[in-house]
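The values are calculated or read from the model by the stated rules, or taken from the named source; none is laboratory data. Please read all numbers here as calculations on a predicted model, not as lab measurements. For neighbour counting, all protein chains shown are included, and Cβ atoms are generated from backbone atoms with ideal geometry for every residue, glycine included. The area values use the complete protein model at the heavy-atom level, side chains included, leaving out ligands, DNA and RNA. Shrake-Rupley method; radii C 1.70, N 1.55, O 1.52, S 1.80 Å.
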Amino acid sequence: MSDGNAPSGNETSIPQKAQLTAIQGPLVGTCFSIPSAVAVIGSAPEVEVPLSGSGVKARHAGLKWTGETWEIYDLTGDQVHVNDIPTTHRILGGGEIFRIGEHELHFTVVSGQKGETLARASAARGTEAVLSIELERGKVLGANEKIEIEVGPGYTIGRTPDNDLAIRDPLASRRHCRIEVIDDEAVLTDLGSLNGTHLEGRAVQQATLRAGDLIVVGKTALRCLRSTRS
């Protein structure tokens, strides 16, 4: 759906198929297919992704296929939260989480198209890794002790195996914090963890990372290093 208050997309191009899955809130488990190049999320009955509950505006956010990538736009005059970071507009690569009122919605590109869409989004802003995050103290689940932070949907750190860096730490939350590239810088965001995320000895909600910084999650220490792939 498109009008003067919603983003105008390229209706003639065939969008890559995408969907939103409710992972938290009143509609958890519900999957919404994005039916066209432009879709609106909100509480109004005529929108493509109808949500209920407090904090949801009639026309809360818009999704648009540009012919190259998917994008999300705020329609409230305020901001929409993507990966727990407030924004008015953002290019999507697939894997992002939108927080709208009581709802958390996981955005995915359907079938094998996610990688292609992510590659296009990354190409628009550069593909080199910004930082490397490496385990300095503690234990991980599995063999991965390092993540390279690149443009894309972001990287989560926590104590369950579905995180990009899964740590064996009872003081860490299931999904503890996220690191993603915003305006060419690596940004650390605490995801409402029980024990907090600490950077250089102080608790932070959100902070820009620099090479040499020390992140502490529970009893686990992670060092920010210059990436060998930059």
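Figures for the structure shown
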{"quantity": "Residue in the range 182-190 that is under 22 Å from Gln24 (Cβ atoms) and either hydroxyl-bearing (Ser, Thr, Tyr) or not in a strand (DSSP E or B) (or both) present", "calculated": "yes"}
{"quantity": "Among (1) loosely packed, with under 15 Cβ neighbours inside 10 Å; (2) touching a strand residue (DSSP E or B) at 6+ places or on another chain (Cβ under 6 Å); (3) in contact (Cβ under 8 Å) with a residue 12 or more places away in the chain, the one test that Val38 misses", "calculated": "(1)"}
{"quantity": "Failed item, numbered, when Val216 is tested on (1) touching a Leu at 6+ places or on another chain (Cβ under 8 Å); (2) under 17 Å from Glu150 (Cα atoms); (3) assigned to a strand (DSSP E or B)", "calculated": "(2)"}
{"quantity": "Residue that is modelled with the lowest pLDDT, among those in the range 36-51 that are within 18 Å of Gly93 (Cα to Cα) and of a type outside the set (Val, Ile, Thr)", "calculated": "Ser36"}
{"quantity": "Failed item, numbered, when Ser54 is tested on (1) at pLDDT 85 or above; (2) outside any loop (DSSP other than H, G, I, E, B); (3) out of contact with any Phe, Trp or Tyr (no Cβ under 7 Å at 6 or more places or on another chain)", "calculated": "(2)"}
{"quantity": "The range 86-102, residues that are under 24 Å from Leu188 (Cβ atoms) and out of contact with any strand residue (DSSP E or B) (no Cβ under 6 Å at 6 or more places or on another chain)", "calculated": "Pro86, Thr87, Gly93, Gly95, Ile100"}
{"quantity": "All positions within the range 128-155 that are of a type in the set (Asp, Glu), within 16 Å of Thr220 (Cβ to Cβ) and open to solvent by less than 40 Å² (accessible area, probe 1.4 Å)", "calculated": "none"}
{"quantity": "Residue ID - surrounded by the most Cβ atoms within 10 Å (Cβ to Cβ), chosen from residues in the range 156-169 that are in a loop (DSSP other than H, G, I, E, B) and either touching a Lys or Arg at 6+ places or on another chain (Cβ under 7 Å) or among the polar types (S, T, N, Q) (or both)", "calculated": "Asn163"}
{"quantity": "Selection from the range 85-95 of residues that are part of a loop (DSSP other than H, G, I, E, B) and either β-branched (Val, Ile, Thr) or surrounded by 22 or more Cβ atoms within 10 Å (Cβ to Cβ) (or both)", "calculated": "Thr88, Gly93, Gly94"}
{"quantity": "Residue within the range 21-30 that is at pLDDT 95 or above and β-branched (Val, Ile, Thr) present", "calculated": "no"}
{"quantity": "The range 65-84 - residue that is assigned to a strand (DSSP E or B) and either in contact with a Ser or Thr (Cβ under 6 Å, 6 or more places away or on another chain) or open to solvent by 30 Å² or more (accessible area, probe 1.4 Å) (or both) and, of those, nearest to Ser43 (Cα to Cα)", "calculated": "Asp74"}
{"quantity": "Which listed residue, of Asp213, Asp190, is under 15 Å from Thr156 (Cβ atoms) and either open to solvent by 10 Å² or more (accessible area, probe 1.4 Å) or touching a Cys at 6+ places or on another chain (Cβ under 8 Å) (or both)", "calculated": "Asp190"}
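Rundown of residues vs (1) within 19 Å of the chain's Cα centre (by Cα); (2) on the phi > 0 side of the Ramachandran plot, yes/no style:
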{"position": "Arg178", "(1), (2)": "yes, no"}
{"position": "Val187", "(1), (2)": "yes, no"}
{"position": "Gly192", "(1), (2)": "yes, yes"}
{"position": "Leu199", "(1), (2)": "no, no"}
{"position": "Gln206", "(1), (2)": "yes, no"}
{"position": "Ala211", "(1), (2)": "no, no"}
{"position": "Val216", "(1), (2)": "no, no"}
{"position": "Ala221", "(1), (2)": "no, no"}
{"position": "Thr228", "(1), (2)": "no, no"}
